[in-house]
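The values are calculated or read from the model by the stated rules, or taken from the named source; none is laboratory data. Computed from a prediction, not measured in an experiment: that's the story for all the values here. When we count neighbours, we look across all protein chains shown, and the Cβ atoms used for this are built from the backbone with ideal geometry, even at glycine. Side chains are part of the model used for accessible areas, which takes the heavy atoms of the whole protein and leaves out ligands, DNA and RNA. Shrake-Rupley method; radii C 1.70, N 1.55, O 1.52, S 1.80 Å.
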Amino acid sequence: MNNPFDWQQRLSQTVYAAFPEAARKPVIGITGNYGEQTCKIGEGYYKSVVRAGGVPVVIPPLSDTDAIINTLEHIDGLLLSGGADYNPLYAGEEPQHGLGGINSERDLPELLIAQLAYNRQIPMLGICRGIQTLAMALGGKVAQDIAATSSVKHSQDADRQVPTHSVSVAADSVLYRLYGEQQLFVNSFHHQAVSEPGVRFRVTATAADGTIEAMESAEYKSIVGVQWHPECMPEAGKPLFQWLVQQAAEYRAACDMHRRTLTLDTHCDTPMLFPQNVDFTQRDPRILVDLHKMTEGRQDATIMVAYLPQTAEHPKAMADGIFDKIEDIVGRNSRYVSIAKTPADLWMNKHAGKKSIMLGIENGHALEGSIDHLRHFAQRGIVYMTLCHNGDNDLCDSARGSQTHGGISDFGRQVVEEMNRLGIMVDLSHAAESSFYDALDISKTPIVCSHSSCRALCDHPRNLTDEQMRALAQRGGVMQVTLYHGFLVLDGEATILDAMQHLEHAISVMGIDHVGLGTDFDGDGGICGLANAAELINFTRQLLARRYSAEDIQKIWGGNFLRVMQQVQSIRK
């Protein structure tokens, strides 16, 4: 018989996580309790994670944000554990008589870690106090004492593994998908509870007295909170821990994909907000793209455009001012970000651990009717110019214009030909169909639509018809699906699922080699599930869930667009 004390034999049987690669398990961070100068955790939490196929690590209650961020970089999922009440002062409230014991060591650290994990799209499961952590950190409210209004006893005397009351489960929820039941029997040890989930969550289970017993993300994120203690009910709790470990595995797969992939958003309008003194180096809530959000979303590069309204009186000077500001930001933060002008620059910056900004112009009005101005902007390093915006200009007719020229003007033809010579991509987003087809005929190189979607799914003149998409693909061009809700759905607010539907329609029409993503962030782009640069990892999770290969994901995430850029730049004279 085997000697149970022969630990060397056990060591010799170890299979290292890196070999084979498939043996790597998701790492689940568990917030530790605190008492008697000790960080501790109930065995049910870490044993449940192991049974579900994960690797548990305990996170001590530290409010040092550097420690938290570095911890989050090494975990794949977060389990917010149970424990004492929250100090109501964190919610701007005074304590009521029914408030129980609070744990001052835990409150601030867990509020911080929940918010920072949310920013990074890390899957989270909140248990008892953990669901309250989610609410407190992310815009909801917690009732200090539910005993006065509750008709159900929520603090049982029975053994912890014994269920003592039932909860009703929403049919369209994660819980229902996991258990297949609209009634669950649960245990209960609390007198605080979530009173309002806030806009980021929706309630998915309630007790007979209306107490909120579970909630989940309303933003297509992997976040679930339950008021009971599934770690004390090994079999009944197992599906929740399996869900967390599976979501953590999918999140880690997306992060791994981003390490190997150059992720490029081909259109953002953040410079439009520079006059508001926004701070690109901070997590500025006024903008959707900044260095922090790009880091959280694992985004490598973006093409920032100088948008020129048709009413601009001095558009060239306005564009130069925008580019000056971008160069100033980059110059002051050269350790973290750099301007790129070629695909090779992008890869060099990625290997150096830097974010990249490419320059573009949105609206040929910037030229002020002068080919020399186009040459000037070529020297500044623009990679594309969108020929028009929402209105006809002296180059071409717009999709929302008045058919001034019947397509591309004589001057527009000269501009397209000179863009070919200078190695600048011709961008036909915003252009009328007549201008689109004229440009296809005139341009010697493939054209791009840096932020457009599918008219077959959303009948808007800014979107491309299937015929346009096929013609674009036949000439080697690319169409980048955009995230402006009005170009994804005609009614209501669009979601990440709508964006994926447009992408997959484009692939079915054009093929995988002719599609990509141009968010239009800070130009009214941003939808539920892909609301800012921090959420772009969710796009990759959707691609992986749909079984796209690594090669195809690399094409979608910028490879197709960069192929055209390389082709256009290779013939510059």
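The GluC sites (Glu not before Pro) found in the stretch 151-241 that occupy coil by DSSP, while having at most 14 further C-beta atoms within 10 Å, are Glu181.
A cut-off of 5 Å between modelled amide H atoms, ignoring neighbours fewer than 5 places along the same chain, links Val426 with Val448. In order along the stretch 526-539, the Karplus-derived 3J(HN,Hα) couplings, from 6.51 cos²θ - 1.76 cosθ + 1.60 at θ = phi - 60°, round to x, 9, 4, x, 9, 8, 6, 4, 5, 9, 5, 4, 5, 4 Hz, and Gly and Pro are given as x.
Were the residues from Asp6 through Lys238 laid out at 0.36 nm apart, the gain over their Cα-Cα distance would be 80.4 nm.
Placing unit charges on each Cβ (+1 for Lys and Arg, -1 for Asp and Glu) gives the chain a dipole about its Cα centre, and among Tyr46, Ala205, Ile329 the Cα reaching farthest toward its positive end belongs to Tyr46.
Along its principal axes, the stretch 415-573 has C-alpha extents of 43, 32, 28 angstrom, given from the largest down. Estimated purely from DSSP H runs of n ≥ 4, each contributing -39500 (n - 2.57), the mean residue ellipticity at 222 nm for the chain is -10500 deg cm²/dmol once divided by its residues.
Carbon and sulfur together cover what percent of the accessible area of the stretch 513-573 at a 1.4 Å probe radius?
44 percent
For the chain, relative contact order (Cα pairs under 8 Å, six or more residues apart, normalised by length) works out to 11 percent.
Once Rg and the Kirkwood radius are both taken over the C-alpha atoms of the stretch 23-78, their ratio Rg/Rh works out to 0.99.
For the stretch 319-362, relative contact order (Cα pairs under 8 Å, six or more residues apart, normalised by length) works out to 36 percent. If you take the alpha carbon atoms of the stretch 207-311 and fit the smallest convex hull around them, that volume is 176 Å³ per residue.
Round to the nearest 10 and give me the degree value, 0 to 90, for the angle of helix 433-442's Cα axis relative to the longest principal axis of the chain. That helix lies at roughly 60 degrees to the long axis.
Using a Förster distance of 30 angstrom, determine the FRET efficiency expected from the C-beta separation of Glu94 and Gln282, and round it to 0.05.
After rounding, the FRET efficiency stands at 0.40.
Protein heavy-atom surface of the stretch 147-197, 1.4 angstrom probe: 47% of the accessible area is carbon and sulfur, with nucleic acids and ligands not counted. Take the Kirkwood radius over Cα pairs of the stretch 143-249, plug it into Stokes-Einstein at 10 °C and 1.306 mPa s, and you get 112 µm²/s for translational diffusion.
Comparing Cα centroids, the stretch 289-351 and the stretch 197-212 end up 43 angstrom apart.
To the nearest 20 Debye, how big is the dipole of the chain about its Cα centre, given +1 on the beta carbon of each Lys and Arg and -1 on that of each Asp and Glu? Could the numbers behind the result be given before it?
Working: 49 positive and 68 negative charges, 350 e Å.
Charge dipole of the chain: 1680 debye, to the nearest 20.
Less than 5 angstrom separates the built amide H of Val337 from those of Lys355, all sequence-distant by 5 or more or on a different chain. Annotation: per residue accessible area for the stretch 109-240 equals 37 Å², rounded to a whole number [probe 1.4 Å, protein chains only].
Overall, the accessible surface of the stretch 272-425 at a probe of 1.4 angstrom is composed of carbon and sulfur to the extent of 47 percent. Among the trypsin sites (Lys or Arg not before Pro) within the stretch 443-498, those in coil by DSSP and having at most 12 neighbouring Cβ atoms inside 10 Å are Lys444. Pairs of C-alpha atoms in the stretch 481-552 farther apart than 15 Å represent 52 percent of all such pairs. The amide H of Leu483, built 1.01 Å from its N in the peptide plane, has Asp520, Gly526 as neighbours under 5 Å, considering only residues 5 or more places off or on other chains.
Loop exposure criterion: chymotrypsin sites (Phe, Trp or Tyr not before Pro), DSSP state outside H, G, I, E and B, at most 10 other Cβ atoms within 10 Å. Applied to the chain, the longest stretch between such sites is 17-573. So if the hydrodynamic radius of the stretch 47-118 is defined as the Kirkwood radius over C-alpha pairs, what does Stokes-Einstein give as its diffusion coefficient at 20 °C and 1.002 mPa s, in µm² per second? It comes out at roughly 155 µm²/s. Rolling a 1.4 Å probe across the protein heavy atoms gives the stretch 244-369 an accessible surface of 39 Å² per residue. A Cα-only calculation for the stretch 208-267 places Rg and Dmax at 16.6, 51 Å. Of all lysines in the structure, the ones whose alpha carbon falls short of 24 Å from that of Lys316, not counting any fewer than 8 places away in one chain, are Lys325, Lys341, Lys573.
Annotation: per residue accessible area for the stretch 526-567 equals 32 Å², rounded to a whole number [probe 1.4 Å, protein chains only]. The alpha-carbon atoms of the stretch 270-385 define a convex hull whose volume equals 98 cubic angstrom per residue. By definition, a body whose alpha carbon gyration tensor gives a ≥ b ≥ c is prolate when a/c is 1.5 or more and a/b is larger than b/c, and the chain fits this prolate description.
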